[in-house]
Amino acid sequence: QVQLVESGGGLVQPGGSLRLSCAASGNIFRFNDMGWFRQAPGKEREFVAAITWSSLRTYYADSVKGRFTISKDNSKNTVYLQMNSLKPEDTAVYLCAVGRPVDYTNYGAYNSWGQGTQVTVSS
């Protein structure tokens, strides 16, 4: 029943910023945690950030810590990923996920996924 739709991706120069959105249906914010992952061509899916449904805890990959911020707006059933100081190595398809993971960094622990939005960082 859960539906996730990502948006906000695009082409940005190094050092620029993007804000990704993930609109979720149902009552996932009441029962589930949310995560952002990314996948570049030829690479495995990589954990980016996660947030508990209550927004009491957040988690970040070391590669994005200090540059990315995950947040939620429960009134809009939307989770955001603010990405600052973007680097070429951030180029990937970004996907949001919902579930009740024991390990927030494990993509296999999430139940539902969006289709993803492309982020390209290039001059």
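The values are calculated or read from the model by the stated rules, or taken from the named source; none is laboratory data. Here the structure is a predicted model, which means the values were calculated and not measured. So basically every Cβ, Gly included, is an ideal-geometry build from the backbone, and we count neighbours across all protein chains shown. Only protein heavy atoms, including side chains, enter the accessible area calculation; ligands, DNA and RNA are left aside. Shrake-Rupley method; radii C 1.70, N 1.55, O 1.52, S 1.80 Å.
Taking the square roots of five times each eigenvalue of the Cα gyration tensor of the stretch 1-70, the equivalent ellipsoid has semi-axes of 22, 15, 13 Å, listed largest first. Estimated from helical segments only, the mean residue ellipticity of the chain at 222 nm is -500 deg cm²/dmol, where each DSSP H run of four or more residues counts as -39500 (n - 2.57).
Annotation: per residue accessible area for the stretch 1-122 equals 52 Å², rounded to a whole number [probe 1.4 Å, protein chains only]. Indicate the gyration tensor shape class of the stretch 53-119 (rounded, prolate or oblate), computed on the Cα atoms with a ≥ b ≥ c the square roots of the eigenvalues: a/c under 1.5 is rounded; otherwise a/b larger than b/c is prolate and the rest oblate. The shape class here is rounded. As an exercise, identify the trypsin sites (Lys or Arg not before Pro) in the stretch 14-75 lying in DSSP coil whose Cβ has no more than 13 other Cβ atoms within 10 Å. Hits after loop and neighbour filter: Lys43, Arg57, Lys65. Overall, the accessible surface of the chain at a probe of 1.4 angstrom is composed of carbon and sulfur to the extent of 45 percent.
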